[in-house]
Amino acid sequence: MTTIDRGYLLDVLRRLIAINSINPSLSPGAPGEAQIAGCLAELCRDLGLDVQIAEAAPGRPNVVATLRGEGRGRSLLLNGHVDTVSVEGMDRPFAPYEREGRVYGRGAYDMKGSLAAMLAATAAIRAQHRLRGDLMLAFVADEEYASLGTEALVRTARADAAIVTEGTELQIGIAHKGFAWVQFETAGVAAHGSRYDEGRDAIAAMGSVLVELRRLETMRLPQHRHPLLGRASVHASLIEGGEGLSTYPSRSVLRVERRTLPGEMAADIEAEMREVLQRAVGADAVAEGKVGVFFFRPAYEIEPHAPVVLALSAAGQRVLGAPLRVIGLSPWMDSAILGTAGIPTVIFGPSGAGAHAAEEYVDVKSVVRCAQVLAQTAVQFCGAR
Ligand SMILES: [Zn+2]
């Protein structure tokens, strides 16, 4: 069994948390990934890996490091994002501290603990095994906003399988939901508030759209359930319209989010929302309405008997002495991009809490175990002597 150097892992984790890597697309003026990418590249060079730094966008580098195998083995990619959300409301976001087996700080759980586990696993493999296939570490930019990092990565990287190391409480994530952002627009006729004979109320028309969306949410979407992900859902996110108290509103805009299940494509959501609009228009004397999907991320699912899932299960059983639970995850993740690019991908990472919250921590024992399982999975999947 592979032994993990806990001191090295903790040192790496503290170093990574101490670097501000807030995503500048979320918080304008934030530093982004350049500094943490430099640190990760150095850590990888120290481990004797081949290191490449490639810009996903100007000033937004990915670091891809490879531990070359001896040949005739399958290649495995470990993928983790290096950016974090903002630090609003946090006392000491970049001064990591340990308390009762937890390390606190921005990004501890989402997902610098996972990055430390990737490095500690690779260090252990290098010291204790000879892999046949290549082991690649991808430290990617911009997952918290537009996933520019993984989008850029799949344009060149090839691997026989991948593990996205987002926190899963040491369970195996084999599916997650996707989402569509949809915009409705209703057009009425502006008129003085006293002129009911001239005015047409675009906001009331949008009310009919909302009623139809509620019907979709409560009546139709609950009819289909995915065994691991439950049902799809839709909710209103943003609404605007109206010019003044004594004016018929000429325009209203509603933006909604539809969370999707595997198999639902952008065209399906587009058709569903057109039907919502048509029902609303039919029920109301709406002058005009428009609808369109303006952003789409597909859901993701991997076959439970895919080789990488089996390798991870076997490794988990060996390290933890009990079978790992197989789960579905609700948030969208970079695994969908890897999967769409033809790289079978599974999600596995440590335990913690407070991703995107004012108090964030990762459980140290789970990070060590995560590293051990990752190392064992690489040995199993890539082959070793
Ligand atoms: Zn994350």
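The values are calculated or read from the model by the stated rules, or taken from the named source; none is laboratory data. Everything numeric here is computed off the predicted structure, so don't read it as measured data. Cβ atoms come from the backbone with ideal geometry, glycine included; neighbour counts cover every protein chain shown. Note: areas computed on protein heavy atoms with side chains; ligands, DNA, RNA excluded. Shrake-Rupley method; radii C 1.70, N 1.55, O 1.52, S 1.80 Å.
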Enumeration of residues in segment 278-326 that are open to solvent by 20 Å² or more (accessible area, probe 1.4 Å), touching a Leu at 6+ places or on another chain (Cβ under 9 Å), among the aliphatic types (A, V, I, L, M) and under 30 Å from Val379 (Cβ atoms)
Leu320, Leu324, Val326
Select from segment 61-84 the residues that are open to solvent by 20 Å² or more (accessible area, probe 1.4 Å) and out of contact with any Gly (no Cβ under 6 Å at 6 or more places or on another chain) and list them in ascending order.
Val64, Leu67, Arg68, Glu70, Gly71, Arg72
I need a count of the residues in segment 342-357 that are open to solvent by 40 Å² or more (accessible area, probe 1.4 Å) and farther than 19 Å from Tyr109 by Cβ.
2
Restricting the search to segment 100-117, which residues are near the ligand (Cβ under 9 Å from one of its atoms), of a type in the set (Ser, Thr, Tyr) and open to solvent by 10 Å² or more (accessible area, probe 1.4 Å)?
Tyr109
Out of Arg255, Arg220, Arg214, which single residue is assigned to a strand (DSSP E or B) and out of contact with any Pro (no Cβ under 8 Å at 6 or more places or on another chain)?
Arg255
Residue list for segment 138-150, restricted to those being open to solvent by 20 Å² or more (accessible area, probe 1.4 Å) and either of a type in the set (Gly, Ala, Ser) or away from the ligand (no atom under 14 Å from the Cβ) (or both)
Ala146, Leu148
The one condition Gln35 fails out of (1) buried (at least 16 other Cβ atoms within 10 Å of the Cβ); (2) outside any strand (DSSP E or B) is (1)
Somewhere in segment 17-32, is a residue part of a helix (DSSP H, G or I) and either under 18 Å from Ala371 (Cα atoms) or in contact with a His (Cβ under 7 Å, 6 or more places away or on another chain) (or both)?
yes
Hits in segment 222-263 (condition: crowded, with 18+ Cβ neighbours inside 10 Å and closer than 14 Å to Phe179 by Cα)
Leu229, Ala232, Val234, Val256, Arg258, Arg259, Thr260, Leu261, Pro262
State yes or no: is Ile53 of a type in the set (Val, Ile, Thr) and within 15 Å of the ligand (Cβ to nearest atom)?
no
Output for segment 151-175, where each listed residue is within 15 Å of the ligand (Cβ to nearest atom) and surrounded by fewer than 24 Cβ atoms within 10 Å (Cβ to Cβ)
Thr168, Glu169
Being touching a residue at least 60 places away in the same chain (Cβ under 8 Å) and under 20 Å from the mean Cα position of the chain (by Cα) narrows Leu77, Leu67 down to just Leu77
Please determine, by comparing only the residues of segment 176-212 that are charged (D, E, K, R) and touching a strand residue (DSSP E or B) at 6+ places or on another chain (Cβ under 6 Å), which one is most open to solvent (accessible area, probe 1.4 Å).
Arg200
Is at least one residue of segment 332-344 touching a Gly at 6+ places or on another chain (Cβ under 7 Å) and either within 13 Å of the ligand (Cβ to nearest atom) or within 28 Å of Ala180 (Cα to Cα) (or both)?
yes
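Does Val51 count as in contact with a Ser or Thr (Cβ under 9 Å, 6 or more places away or on another chain), part of a loop (DSSP other than H, G, I, E, B) and surrounded by 16 or more Cβ atoms within 10 Å (Cβ to Cβ)? If you could, list the steps in order and put the result at the bottom.
On the way: in contact with a Ser or Thr (Cβ under 9 Å, 6 or more places away or on another chain): yes; part of a loop (DSSP other than H, G, I, E, B): no; surrounded by 16 or more Cβ atoms within 10 Å (Cβ to Cβ): yes.
In short, no.
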